[in-house]
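Written below as structure tokens is the structure these notes are about.
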Amino acid sequence: MYRIGREILFIPRKLKLIPGIYTTWYKCNDCKEMNIVAAKNKCVNCLSENIEILDVNSKRLDSEKGFWRSPIQKILTNHEKISNVTVEEHTAQLSQKDAKIAIATTEEYELRFQDIILDVLEGPVDILSCTTTMEVGVDIGSLTAVGLRNVPPQRENYQQRAGRAGRRGTALSTVVTYAQGGPHDYYYFQQPEKMISGSARKPIVYIDNKKITKRHLNAFLIQTYFHEKRFYKCRCVKHSQQFVR
């Protein structure tokens, strides 16, 4: 390393990476910062001299950093094998399929989540990252855990999403809900019993709602229009082919 003006340049061939689990750490007892270096026996964060040296086998180092260090130590010492987790997206954008394809992408992920392998090159799926499209008509087998990234709108939404765990005789299932900083999530974070317990509301459909009636009529008319146009186009193409012959 050398300096040119205000710039510090490193010489690549002289750099060496050393795993942090094999080095001595320094714990500052004033600012509580922990680093793998000390500047002349001073904390590099606050320059305090009240630092404690923690060797590789230090119990304090293991208690504070063991969550991340221990798995790596087990792998490097051949006491544990490396395992990977396969995560796939499950959204409405992936549910569309071409006429030539037997199953949609979401259906493939659902089967792989159930350890039903369709291609030897594709292994099982361990985690599905889903939108609310997962709620209806999807069988994903023996699901043991559900994680919600926010608090659902109503109690019935929570029951439907959380209830996907433990449907196939699972003895123990886990549901974790992450409450964000908005007023809705904060309200139910303070009073979770109002979301996770009690009966769901009864569904109500107002058949005299003019907006719903208008929307269905528009959808029916547009669908009918395109069906007739498609049929007319197919007949024209068929006659033109006969004429060419």
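The values are calculated or read from the model by the stated rules, or taken from the named source; none is laboratory data. Computed from a predicted model, the values in this text were never measured in an experiment. Cβ atoms come from the backbone with ideal geometry, glycine included; neighbour counts cover every protein chain shown. These area figures cover heavy atoms from the full protein model, side chains too; ligands, DNA and RNA do not enter into them. Shrake-Rupley method; radii C 1.70, N 1.55, O 1.52, S 1.80 Å.
Is it the case that some residue within the range 104-119 is in contact with a strand residue (DSSP E or B) (Cβ under 8 Å, 6 or more places away or on another chain), farther than 30 Å from residue 25 by Cα, open to solvent by 60 Å² or more (accessible area, probe 1.4 Å) and not hydroxyl-bearing (Ser, Thr, Tyr)? Full working, then the answer.
Keep residues of the range 104-119 that are in contact with a strand residue (DSSP E or B) (Cβ under 8 Å, 6 or more places away or on another chain), which gives 106, 109-110, 112-113.
Filter again for farther than 30 Å from residue 25 by Cα, leaving 106, 109-110, 112-113.
Of the ones still in play, those that are also open to solvent by 60 Å² or more (accessible area, probe 1.4 Å) are none.
Looking through the range 104-119, none of the residues is in contact with a strand residue (DSSP E or B) (Cβ under 8 Å, 6 or more places away or on another chain), farther than 30 Å from residue 25 by Cα, open to solvent by 60 Å² or more (accessible area, probe 1.4 Å) and not hydroxyl-bearing (Ser, Thr, Tyr).
Tally up the residues in the range 2-17 that are modelled with pLDDT of 75 or more and either in a helix (DSSP H, G or I) or open to solvent by 90 Å² or more (accessible area, probe 1.4 Å) (or both), please.
So in the range 2-17, the residues modelled with pLDDT of 75 or more come out as 10-17.
Filter once more, so that each one left must be either in a helix (DSSP H, G or I) or open to solvent by 90 Å² or more (accessible area, probe 1.4 Å) (or both): 10, 12-17.
So the count comes out to 7.
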Practice task
Could you tell me whether residue 126 is closer than 27 Å to residue 149 by Cβ and in contact (Cβ under 8 Å) with a residue 24 or more places away in the chain?
Solution key: yes
Problem - Restricting the range 159-213 to residues that are surrounded by 13 or more Cβ atoms within 10 Å (Cβ to Cβ) and in a strand (DSSP E or B), the residue that is modelled with the lowest pLDDT - result: 175
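Considering 59, 81, 65, which residue is over 30 Å from residue 194 (Cα atoms) and at pLDDT below 80?
Exactly one of 59, 81, 65 is over 30 Å from residue 194 (Cα atoms) and at pLDDT below 80, namely 81.
Taking strands (runs of 3 or more DSSP E) that fall entirely within the range 20-93, which contain at least 1 residues that are over 30 Å from residue 117 (Cβ atoms) and open to solvent by less than 90 Å² (accessible area, probe 1.4 Å)?
On the way: elements: 25-28, 51-54, 87-90.
Passing ranges, in order: 25-28, 51-54.
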